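Below is one structure, written out as structure tokens, with a few remarks after it.
The values are calculated or read from the model by the stated rules, or taken from the named source; none is laboratory data. These numbers were taken from a predicted model, which means no experiment stands behind them. Backbone-built Cβ (ideal geometry, glycine too); neighbour counts: all protein chains shown. Areas reflect the complete protein model, heavy atoms only, side chains present, ligands, DNA and RNA absent. Shrake-Rupley method; radii C 1.70, N 1.55, O 1.52, S 1.80 Å.
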Amino acid sequence: MAEPRVRLLELFKARALRFGDFTHASGKKSSFYINSKDILFNSEASWLLGELIWQATRDLSIQAVGGLEVGAIPMATATVTRFHDHGRALEGFFVRKQAKEHGSKSLIEGQLNAGDRVAILDDVLTTGESALKAVKAVEAVGGVVACVVCIVDRLQGARETLVGYDFRPMFTLRDLGIEPA
């Protein structure tokens with residue numbers, strides 16, 4: 001099997017990268033789109049992703065990983081599984097885009113306690129605003145953000161939005177063979 005980073009990049013290029021006319025969540029227009037959901041639920045890609053997030057965060061003392069729904073949910077699941085395989089306990093969580101109006105009315109689902117050090121996960125970052133929402137939600141409940149990990153940084157402002165946080169993208173647009181606009 002190819003090295004995990006190389007193989008995940010191959011899968012992203014083959015399964016998640018589309019060309020056409022697209023508008024992203026940030027409102028920006030683009031001639032390409034990275035639909036990570038076309039890959040995040042694939043068994044090989046999920047294993048590779050969990051392993052790469054493990055490699056990106058194993059140097060940190062973290063108690064949890066998670067981020068904004070929906071993309072962070074399969075990422076957190078893959079990551080906690082790989083941490084377990086490597087003999088380290090880790091909790092997963094996700095941040096709702098808005099708090100539930102019933103039950104616990106929670107904005108964050110999963111075990112996240114005040115003082116926990118966490119890695120924020122996101123699939124594709126353009127401006128970084130979605131990751132920043134997750135960061136702010138975690139900090140609001142007393143969590144400490146140890147780093148922000150994304151699969152692909154579109155090189156359109158995420159690093160600047162997340163200044164002051166340890167930002168660890170696995171790939172950038174250039175890794176996909178695309179120059180940022």
Here the residues within the range 7-34 that are within 18 Å of the chain's Cα centre (by Cα), free of Cβ contacts under 8 Å to residues at least 24 places away in the same chain and open to solvent by 40 Å² or more (accessible area, probe 1.4 Å) are Y33
Flagged pairs (Cβ under 8 angstrom, 6 or more apart or on separate chains; first in the range 79-100, closer than 11 Å to E51 by Cα; second surrounded by fewer than 14 Cβ atoms within 10 Å (Cβ to Cβ)) are F83/A89; H86/R58
Filtering strands (runs of 3 or more DSSP E) wholly in the range 87-181 for at least 2 residues that are over 26 Å from K29 (Cβ atoms), touching a strand residue (DSSP E or B) at 6+ places or on another chain (Cβ under 8 Å) and not basic (K, R) gives 91-95, 108-110, 117-125, 144-153
Checking E139, E179 in turn, the sole residue that is among the charged types (D, E, K, R), at pLDDT 95 or above and surrounded by fewer than 13 Cβ atoms within 10 Å (Cβ to Cβ) turns out to be E139
In the range 1-48, anything in a helix (DSSP H, G or I) and of a type in the set (S, T, Y) is listed as S43, S46
By residue number, the members of the range 49-77 that are hydrophobic (A, V, I, L, M, F, W, C), open to solvent by less than 10 Å² (accessible area, probe 1.4 Å) and assigned to a helix (DSSP H, G or I) are L49, I53, A72, M75, A76
